[in-house]
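The values are calculated or read from the model by the stated rules, or taken from the named source; none is laboratory data. Treat the numbers as computed from the prediction; the structure is a model and nothing was measured. With ideal geometry, Cβ positions are generated from the backbone for all residues, glycine too; neighbour counts draw on all protein chains shown. In case anyone asks, the SASA skips ligands and DNA or RNA and just uses the protein heavy atoms, side chains included. Shrake-Rupley method; radii C 1.70, N 1.55, O 1.52, S 1.80 Å.
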Amino acid sequence: MYEANYSEVSEFVFLGLSTFRPMQHFLLTFSTVFYVTIVLGNLLVMFTVIFDSRLHSPMYFLLANLSFIDLCLSTLTVPKMISDLCSGQNAVSFQGCVIQIFVLHVLGGSEMVLLIAMALDRYVAICKPLHYLTIMSPQMCIWLLLGAWVIGLIHSVVQLTFIRHLYFCGPNEIDSFYCDLPRFIRLSCTDTYNLEFMVTANSGFTSMGTFFLLIFSYIFILVTVWKRSSGGLSKALSTLSAHITVVVLFFGPWIFFYVWPLPTVPVDKCLAILDFLITPILNPAIYTLRNKDMKMAMKRLSSQFPSLRKIS
Ligand SMILES: *[C@@H]1O[C@H](CO)[C@@H](O)[C@H](O)[C@H]1NC(C)=O
């Protein structure tokens, strides 16, 4: 009797963000334009930092690495979403879905640690400027980066071992445009109450903990600056407001996905747009275009390229 009713699920179907035709056209245009901007903007940041030796400092290395993770994060979900919108074919294989969840958590975990590293960098630069070069040494940067990737990997492997034994017997429709863990778990036929708790603990509390840690450290930095001299505050505020905006926009949706106690509401798949299409654009936009050193570096770089062409 059991066997007759149960069938293994070999693929999932995304329901996407909207079934309304004009809305789909709008989403297609919007996500294509944004995705192209994300690719160009983040590549520009990475190339500028790598090729301009004057930007070889911890802050810019971390920034370039953040751009790299953002680019990967968008590439993991957005091209598939665009091709689904074009073709109307919304299927994804079971393995594809698991791989997407795995990579998503590696990247998400690494980005969290990287944001902490960037806050640490700003803390040392602003509060302990005399020790900046000894504390944020090149070795320290490598350790922070290594730490970010290792922690992301461990987090994701732990997450995946939780869901290893899930059994899927249909339905196979995911009401979103990518595979995320809460929706994936809810589709399984196994009793997932404990599992949902584990996932909330692992993803939800880590993202919430990191979020508050970051916000408090930025407040701490601002208070330190303010006590020292009120004149420095506005300058520090203009640097740090960019960081704080990114932190709020990056963590907001994650916290909402994993800690929100009620059944999934449709608004969360729209919030996912923030993480895959908006934050990745903000990094190059606010860190870079408002930053004088970065703008100068881009000018130098662009004036170098014609001469490179002449040589070859
Ligand atoms: C990341 O940072 C390291 C140094 O800390 C640097 O060598 C590397 O080029 C950076 N990666 C990217 C993609 O910019």
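Going through (1) under 20 Å from the mean Cα position of the chain (by Cα); (2) open to solvent by 80 Å² or more (accessible area, probe 1.4 Å) one by one, Thr19 falls short only on (1). If the condition is being open to solvent by less than 70 Å² (accessible area, probe 1.4 Å) and within 13 Å of Leu62 (Cα to Cα), then the stretch 144-169 contributes Leu144, Leu145, Gly147, Ala148. Taking the conditions (1) more than 16 Å from the ligand (Cβ to nearest atom); (2) open to solvent by 40 Å² or more (accessible area, probe 1.4 Å) in turn, His56 satisfies each one other than (1).
When you look at Thr37, is it touching a residue at least 60 places away in the same chain (Cβ under 8 Å), open to solvent by 40 Å² or more (accessible area, probe 1.4 Å) and either away from the ligand (no atom under 16 Å from the Cβ) or within 30 Å of Phe212 (Cβ to Cβ) (or both), yes or no? Yes, satisfied.
Got at least one residue in the stretch 103-111 being in a helix (DSSP H, G or I), surrounded by fewer than 19 Cβ atoms within 10 Å (Cβ to Cβ) and more than 16 Å from the ligand (Cβ to nearest atom)?
Just the residues of the stretch 103-111 that are in a helix (DSSP H, G or I), to begin with: 103-111.
Okay, now just the ones that are also surrounded by fewer than 19 Cβ atoms within 10 Å (Cβ to Cβ), so 103.
Within this subset, residues satisfying the condition of being more than 16 Å from the ligand (Cβ to nearest atom) are 103.
Yes, because at least one residue in the stretch 103-111 is in a helix (DSSP H, G or I), surrounded by fewer than 19 Cβ atoms within 10 Å (Cβ to Cβ) and more than 16 Å from the ligand (Cβ to nearest atom).
Applying the set (1) more than 16 Å from the ligand (Cβ to nearest atom); (2) touching a helix residue (DSSP H, G or I) at 6+ places or on another chain (Cβ under 8 Å); (3) farther than 18 Å from Met298 by Cβ to Leu15 leaves exactly one unmet item: (2).
Condition check ((1) surrounded by 15 or more Cβ atoms within 10 Å (Cβ to Cβ); (2) touching a His at 6+ places or on another chain (Cβ under 9 Å)) across all residues:
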| residue | (1), (2) |
| --- | --- |
| Asn202 | yes, yes |
| Met208 | yes, no |
| Ile219 | no, no |
| Leu222 | yes, no |
| Val225 | yes, no |
| Gly231 | no, no |
| Ser234 | no, no |
| Leu240 | yes, no |
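Scanning the stretch 59-86 for residues that are within 15 Å of the ligand (Cβ to nearest atom) and of a type in the set (Asp, Glu) yields one hit, Asp70. Scanning the stretch 282-308 for residues that are open to solvent by less than 40 Å² (accessible area, probe 1.4 Å) and modelled with pLDDT of 75 or more returns Leu282, Asn283, Pro284, Ala285, Ile286, Asn291, Met294, Ala297, Met298, Leu301. If you take the residues in the stretch 170-196 that are without any contact (Cβ under 8 Å) to a residue 60 or more places away in the chain and open to solvent by less than 20 Å² (accessible area, probe 1.4 Å), which one is nearest to Lys269 (Cα to Cα)? Checked the stretch 170-196; the qualifying residue nearest to Lys269 (Cα to Cα) is Ile185.
Every residue in the stretch 65-98 that is assigned to a helix (DSSP H, G or I) and touching a strand residue (DSSP E or B) at 6+ places or on another chain (Cβ under 9 Å), please. Walk me through how you get there before you give the answer.
As a first pass, look at the stretch 65-98 and keep what is assigned to a helix (DSSP H, G or I): 65-87, 94-98.
Lys80, Met81, Asp84, Phe94, Gly96, Cys97 - these are the residues of the stretch 65-98 that are assigned to a helix (DSSP H, G or I) and touching a strand residue (DSSP E or B) at 6+ places or on another chain (Cβ under 9 Å).
Looking only at residues that are under 14 Å from Leu62 (Cβ atoms), touching a residue at least 24 places away in the same chain (Cβ under 8 Å) and open to solvent by less than 40 Å² (accessible area, probe 1.4 Å) in the stretch 127-143, which one is farthest from the ligand (Cβ to nearest atom)? The residue in question is Met136.
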